[in-house]
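The values are calculated or read from the model by the stated rules, or taken from the named source; none is laboratory data. Since the model is a prediction, treat every value here as computed from it, not as a measurement. Neighbour counts are summed over all protein chains in view; Cβ atoms, including those assigned to glycine, are modelled from backbone coordinates with ideal geometry.
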Amino acid sequence: MLNVHLVPHTHDDVGWLKTVDQYFYGDRNDIQHAGVQYILDSVVDQLLKNPDRRFIYVETAFFYRWWKQQTDDMQNTVKQLVNEGRLEFVNGGWCMSDEATTHYSAVIDQMTMGLRFLNDTFGHCGRPRVAWHIDPFGHAREHASMFAQMGYDGFFFGRLDYQDRNRRMVAREQEMLWRASESLTPPMADLFTGILPNGYNPPEGFCWDQSCDDPPIRDDPDLEDYNVDDVVTRFLHIAHGQALVYKTNHIIMTMGSDFQYENANLWYKNLDKLIRYVNQMQSNGSEVNVLYSTPSCYLQELHRVNLTWPLKGDDFFPYADSAHDFWTGYFTSRPALKRYERISNSYLQTCKQLEVLGGPISRKGPFGAGDSETLKKAMAVAQHHDAVSGTEKQHVANDYARKLANGWAHCQVLVSNTLSSLSGSSAPRVYCEHLNISVCPLTETSKKFSVNVYNPLARPVSWPVRLPVNGTAYSISDAKGKAVDSQVGLLSFIVTLRDFLSSLFCVCLSRYNASDGNNSESIQMSGAYIFRPNTSTPFIISKTNSVVQEVRQWFSPWVSQVVRLYTDSRALELEWTVGPVPIGDDLGKEVISRLDSSINSSGVFYTDSNGREVLQRRKDYRPTWNLRQSEPIAGNYYPINSRAYIKDDKDQLTVVTDRSQGGGSIQDGSLEIMLHRRLLYDDVRGVGEPLNETSDIYPEGLVVRGRHLLSLSPPAMAADTHRPLAQEVVLQPLITFTDGELHPSTRLEFSGLQAVLPPAVHLLTVSQWDQDTVLLRLEHQYQASESKEHSQPVTVNLQKLFSTLDMLGVSEMNLSANQWKDEMTRLDWKAESGTHHTGVTNQLCLLSPLGCVKTADLL
């Protein structure tokens, strides 16, 4: 039999055209008719009417809200549906995260939050077994690696490059084994991966939602327009056609789409009929069997077939849905929001650490009640594939930023309480959140103030601190009273850097004019999703060949740059300011920074995957199919989450970014990174408005400031520089201030660690789990063979790790903290040989990737 697995589902964006709240309540239906609370009400009601029916749900952020509003009776009813497998959670993170512009630490956090709620609420039966990323616009290898380490059996998605899909359909390779790490020993990061047949929509002609126009099944032969025979014939034709491009006698059909099932009766009434009438044809010799199913049931059947599957070792970037439509613009879209999300992640990690170090007083102390939960939820929502990606409407982007700001406010109270407790000083803490534009009222008006710097990394760092002050009569001393070197004007000092190899290279700020769709090749415009310049040659705004201590460069009224080289620094800092991007000529513009060097890169460059492992990229090339390149710029852009580099035998030029951006190596020896985009047309991918950001402060257009750190070193030594440098930018020190003289009894130094961690080990998570347990994640941060010194296994003594915690025991869990590690079991899959990139797989040692650490009194 050909078994057709019908999967009823809804895809509920955690913000996109409407805000999260508007989607949940069904508000602003003038923008889009969608109300998630009604979907869940209706689905549960319909599941109870037929025990054969199934439904899957994905976004825990929405389900959590709905669950809190239910009566005890309804909660018990839903638990029974979950226990019976009729309501199944898939993916289960707080949201369905973007895969190009998210950092792995934030993805792990949002997955942990969603999965913990499901674990606490439903137990084992509520634990998702399948990762489900049906809508993100390209897929990252690191995401697959994380899903495997979280215990998932499989991964399904809907979007991939149209050329890749065509080849896979012919070869029947739409299901594969993704070997998602070059460093972890198989099958630790192996993940069965399937490409869904219709994106995530139903087959054509079989959509029975209130938002659809397909005719219902009319099955009374005495009434007009009886159509059962036609429906069955069309369905059998589609099923047989789909079976030709998949490998087994099991195929899957997604029966649902965006915000569908608000009136679930429409869907289920017709699906019941479809199953009944198609299966009745078996008595006439049909070999098609249709059933209600779920992704995990479908996956189980694929596993039972016991076939071998093709291996994949690269990723699914960039994504194009036709020859001139590359979804590479969103790698940079809304650069200010991308930066705010990144520093919010840094602040959240600091907040969680200080909550542990401060104990109960951190949450209720001298400055009031503080919490980390508000920022956790805001950050989790921000990982959504229409949030940090920059592909939402403007009012929704504003709402994401508002939620983050509210989370900051709650964490600031917690941080103040902890710092007060640790220092013994009750002086109010001041937070200067506008230092990026040289604004801090306290430092500009106070004659004496203290600067408190908290380092969230588990090793010493040197960090430049620049403060706006009034006058030049300032002296600075450290905690021991020793004078600190500084420059006064804009007060600058170092809170201990090392060696930068000086070399001349060209830093060019340039721009592409965006396509308006008015050309002979294609009508596609640049927009929030899609990058399509109207020429392959950028227009140069400026360039410089100088490497000096500090130079300020004004290239035009809307583009400037500051180049800084700190004493004994490992890196050159480029601080760029772009905007308002002029549009008086009726042309959208996409501004880039291009680094030209003499490095012989031979068409090859390297980018990170979600901030963790690094992948090789080649110009006009894809590892798994013969590319027909139709967009020489946009088709060679890749996501850069934290760093990218080019190299030859002698030199490696690395760029560390302060947010997710898009970039490529269009010419040998060159790296270009897109900084800012201002566009005048919608790219017709659903958002319905151009990416033309303005605000009350910047009515003429958004001004964005950021920085790149440039490192030049021999390739063999480069990883030892850019890995820790990238971590310093992702987890930057928290700076707070107190006004006036310090009390003599104030404690000026504190460390939460007994000793510095080895360079290869990164302290990823320290977070309060419950009253007497702490969630701890340590990771080996180097890839296999990346560093001669640091890619080796490392041992860490957890008992001697923290200075204020008494460790009573450690229980190791999986990466997402919803299973004990020794109880985690995953399906084994057979891989075809000779179809993947080989690499050293046993040199990366994940040291207690997750542990619940029991603690005694914290302070």
Go through (1) buried (at least 16 other Cβ atoms within 10 Å of the Cβ); (2) among the β-branched types (Val, Ile, Thr); (3) under 36 Å from the mean Cα position of the chain (by Cα) and name the single condition residue 469 misses.
-> (3)
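One line per residue, one yes/no per condition, for (1) surrounded by fewer than 17 Cβ atoms within 10 Å (Cβ to Cβ); (2) touching a Lys or Arg at 6+ places or on another chain (Cβ under 6 Å); (3) in a helix (DSSP H, G or I):
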position	(1), (2), (3)
22	no, yes, yes
30	yes, no, no
34	no, no, no
43	no, no, yes
49	yes, no, no
62	no, no, yes
Cross-chain or 6+ apart pairs with Cβ under 6 Å, the stretch 352-381 first and farther than 19 Å from residue 771 by Cβ and buried (at least 21 other Cβ atoms within 10 Å of the Cβ), then modelled with pLDDT of 95 or more and of a type in the set (D, E, K, R) = 378/403
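Looking only at helices (runs of 4 or more DSSP H) that lie completely in the stretch 336-448, which have at least 1 residues being among the aliphatic types (A, V, I, L, M) and under 19 Å from the mean Cα position of the chain (by Cα)?
Values: elements: 360-363, 373-382, 394-423, 441-445.
Fully inside the stretch 336-448 and qualifying: 373-382, 394-423.
Test of understanding: among 127, 141, which residue is over 29 Å from residue 51 (Cβ atoms), within 22 Å of the chain's Cα centre (by Cα) and either modelled with pLDDT under 95 or charged (D, E, K, R) (or both)? Spell out the reasoning first.
Values: 127 fails: over 29 Å from residue 51 (Cβ atoms).
Sole residue among the options that is over 29 Å from residue 51 (Cβ atoms), within 22 Å of the chain's Cα centre (by Cα) and either modelled with pLDDT under 95 or charged (D, E, K, R) (or both): 141.
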Pick out the one residue from 844, 757, 776 that is modelled with pLDDT of 95 or more and either surrounded by 13 or more Cβ atoms within 10 Å (Cβ to Cβ) or in a loop (DSSP other than H, G, I, E, B) (or both).
-> 776
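What tally of residues in the stretch 760-776 results from selecting those that are within 25 Å of the chain's Cα centre (by Cα) and either of a type outside the set (Ser, Thr, Tyr) or more than 17 Å from residue 372 (Cβ to Cβ) (or both)?
First, pick out the residues of the stretch 760-776 that are within 25 Å of the chain's Cα centre (by Cα): 760-769, 774-776.
Filter once more, keeping what is either of a type outside the set (Ser, Thr, Tyr) or more than 17 Å from residue 372 (Cβ to Cβ) (or both): 760-764, 766, 768-769, 774-776.
Total meeting the criteria: 11.
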In the set 311, 307, 337, 271, the lone residue that is under 30 Å from residue 708 (Cβ atoms), among the aliphatic types (A, V, I, L, M) and outside the structural domain of residue 531 (by TED's automatic domain parsing) is 337
Among (1) modelled with pLDDT of 95 or more; (2) part of a loop (DSSP other than H, G, I, E, B); (3) closer than 30 Å to residue 392 by Cβ, which single condition is residue 522 missing?
-> (1)
Has the stretch 526-542 got any residue that is modelled with pLDDT under 85 and over 20 Å from residue 637 (Cα atoms)?
-> yes
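Just for strands (runs of 3 or more DSSP E) wholly inside the stretch 92-189: which have at least 2 residues that are surrounded by 24 or more Cβ atoms within 10 Å (Cβ to Cβ) and touching an Asp or Glu at 6+ places or on another chain (Cβ under 8 Å)?
Working: elements: 130-133, 154-157, 175-179.
Output list reads 130-133, 175-179.
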Kindly provide the set of residues from the stretch 330-388 that are within 30 Å of residue 634 (Cα to Cα) and aliphatic (A, V, I, L, M), ordered by number.
-> 336, 337, 343, 379, 380, 381, 382, 387, 388
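Specify which of the listed residues (32, 22, 37) is closer than 30 Å to residue 682 by Cβ and in contact with a Leu (Cβ under 7 Å, 6 or more places away or on another chain). Talk me through it step by step, then tell me what you get.
Working: 22 fails: in contact with a Leu (Cβ under 7 Å, 6 or more places away or on another chain); 37 fails: in contact with a Leu (Cβ under 7 Å, 6 or more places away or on another chain).
Being closer than 30 Å to residue 682 by Cβ and in contact with a Leu (Cβ under 7 Å, 6 or more places away or on another chain) holds for just one of 32, 22, 37, which is 32.
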Residue set 52, 13; condition modelled with pLDDT of 95 or more, in contact with an Asp or Glu (Cβ under 7 Å, 6 or more places away or on another chain) and assigned by TED's automatic domain parsing to the domain that holds residue 135; output residue 13
Counted residues, the stretch 644-660 - those being in a strand (DSSP E or B), surrounded by 24 or more Cβ atoms within 10 Å (Cβ to Cβ) and in contact with a helix residue (DSSP H, G or I) (Cβ under 6 Å, 6 or more places away or on another chain) | 2
Please identify the pairs in which a residue from the stretch 284-302 that is among the charged types (D, E, K, R) has its Cβ atom under 6 Å from the Cβ atom of a residue that is part of a loop (DSSP other than H, G, I, E, B), counting only partners at least 6 apart or on another chain.
-> 287/1
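Does at least one position in the stretch 638-646 carry a residue that is closer than 27 Å to residue 533 by Cα and at pLDDT below 95? Write out each step before concluding.
Kept after step one, since they are closer than 27 Å to residue 533 by Cα, are these residues of the stretch 638-646: 638-646.
From what is left, the residues that are at pLDDT below 95 are none.
No, the stretch 638-646 contains no residue that is closer than 27 Å to residue 533 by Cα and at pLDDT below 95.
Take residue 389 and tell me if it is touching a helix residue (DSSP H, G or I) at 6+ places or on another chain (Cβ under 8 Å), farther than 30 Å from residue 168 by Cβ, at pLDDT 95 or above and not β-branched (Val, Ile, Thr). Working first, answer last.
Working: touching a helix residue (DSSP H, G or I) at 6+ places or on another chain (Cβ under 8 Å): yes; farther than 30 Å from residue 168 by Cβ: no; at pLDDT 95 or above: yes; not β-branched (Val, Ile, Thr): yes.
In short, no.
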Expected output for the stretch 26-43 (first residue outside the structural domain of residue 73 (by TED's automatic domain parsing), partner surrounded by 18 or more Cβ atoms within 10 Å (Cβ to Cβ), Cβ below 9 Å, 6+ apart or cross-chain) is none
